[in-house]
Amino acid sequence: MNDTTSPASTHKATSSKIGWLAALHVYLEPASWRMLCLGFSAGLPLLLVLGTLSFRLREAGIDRSTIGFLSWVGLAYGFKWVWSPLVDRMPLPLLTRLLGRRRSWLLLAQFIVMAGLVGMALLDPKVALEPIVWCAVVVAFGSATQDIALDAFRIESANVQHQAALAATYQTGYRLAMIWAGAGVLWVAARASDADETVYQHAAWQAAYLVMAASMSLGVLTVLLSPEPAQRVMPPARNAREWLQGALIEPFVEFIHRYRWQAALILGLIAVYRISDVVMGIMANPFYVDMGYTKDEVAAVTKVFGVIMTLLGAFIGGVLSMRLGVMRILMLGAALSALTNLLFAWLATRGHDLTALVWVISADNLASGIASAAFIAYLSSLTNVNYSATQYALFSSMMLLAPKWLAGFSGVYVDAHGYEAFFTSTALLGAPVLFLVWLASRVLPVAHGHNAPEKHL
């Protein structure tokens, strides 16, 4: 049956039917609660293979150069678009028949994450580092796969009117998980220590990571109790070439055709926009350990208070983007992200100074939230509605590749030049970003129409 309703009349009807109370009531619906729990499941593994792991390894006496290179585990998130077509379309034996396409992939990914976390718990990096690294790779792969399946599950679980609410509850669950995987794991490890908590104790970290693995059961239970979204009708591909053409090549071709030569500028900006934050972030936890901060101090200041400041920054960034325009706040976020790295250079001269740490973390996370909100809005404005999921996945993956690769050398740089020079250098990495944002604001609106960000900063 063809829908002949015009977009304008649809919007008018929607606006008249949905009032403020109905709009707020959507957050009490089962779908929103399910997305809150699944957001928690998605956010839990990230820090456990990056930030929290680097804290654990540094406390275990692993050198900074090695920790820097191990950050390349996070590249799994940058390459998830490679196997996303498989998650999107390939059924799993037995599981798909029992649970459906989306829930089967979610459940498989969650069990992969849990298995990897149990391995990281049982293995001692002081005895053998390589096995724990492979377990971290397993966790990262499972986590990235869960992200792919969860994005599809969310989009297919509700109509367009409910997507904003599902995204909001997903982000809330994700941030709560980051607090638990950042502050919670340090708190558990500190409570499980039987002596000075600044001294590495494998039993304490083992308990902490086993608790984190058990926490993934919230996502497992949610998947088992959730209904499978309505199946999308997808035209069958006659061969592998046709399947790859529709899944990967066409979204790229459409993007390049739409932006022409400006596509190179856009991709360059996407590739380096978060470079200051990502490169600096790998050495943040080793820095806290070397400055003598305890697990409880790091948990309270950086993992709880810091996440709250990031959420505040995201709210401010979203409001400012709507009022002043995305490109202006994109420029502001880039500048603040680089400048706050200089605060870490100053903090490196202070030694163990908890008050200074609070102020630096506040400024850094507030700036990060503002930059993230503007960047997400910018990426969303670049996508074609016909390929929105695929193109957004490609963009969000691309933004991590160059920064994560460069971050792998961060430990080598710190060993050679010290923390103060390292943080200053990461601030300077932001200078080219400012130029690319300015250039993009001047030339990109010529390439396309109503989706263009505003022209002038």
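Tabulated data
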| read-out | value |
| --- | --- |
| Qualifying positions in region 311-334 - surrounded by fewer than 18 Cβ atoms within 10 Å (Cβ to Cβ) and not charged (D, E, K, R) | LEU311, LEU312, PHE315, ILE316, VAL319, MET322, LEU324 |
| Candidate set: region 290-310, residues that are farther than 17 Å from TRP205 by Cα and among the aliphatic types (A, V, I, L, M); chosen: the one surrounded by the fewest Cβ atoms within 10 Å (Cβ to Cβ) | ILE308 |
| Residue match in region 122-135 (condition: touching a Cys at 6+ places or on another chain (Cβ under 8 Å) and either of a type outside the set (D, E, K, R) or modelled with pLDDT of 90 or more (or both)) | yes |
| Residue in region 344-358 that is under 18 Å from the mean Cα position of the chain (by Cα) and surrounded by 16 or more Cβ atoms within 10 Å (Cβ to Cβ) present | no |
| Which numbered condition SER84 fails, given (1) modelled with pLDDT of 90 or more; (2) crowded, with 20+ Cβ neighbours inside 10 Å | (1) |
| Region 12-52, subset among the β-branched types (Val, Ile, Thr) and at pLDDT 80 or above, residue farthest from VAL133 (Cα to Cα) | THR52 |
| Single match in ALA144, ALA121 (criterion: of a type outside the set (S, T, N, Q), closer than 23 Å to ALA213 by Cα and surrounded by fewer than 23 Cβ atoms within 10 Å (Cβ to Cβ)) | ALA121 |
| Among residues of region 262-288, those that are farther than 12 Å from ALA338 by Cβ and β-branched (Val, Ile, Thr), counted | 4 |
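The values are calculated or read from the model by the stated rules, or taken from the named source; none is laboratory data. This is a predicted model, so every value here is computed, not measured. Reconstructed Cβ throughout: ideal geometry from the backbone, glycine too, with neighbour counts over all protein chains shown.
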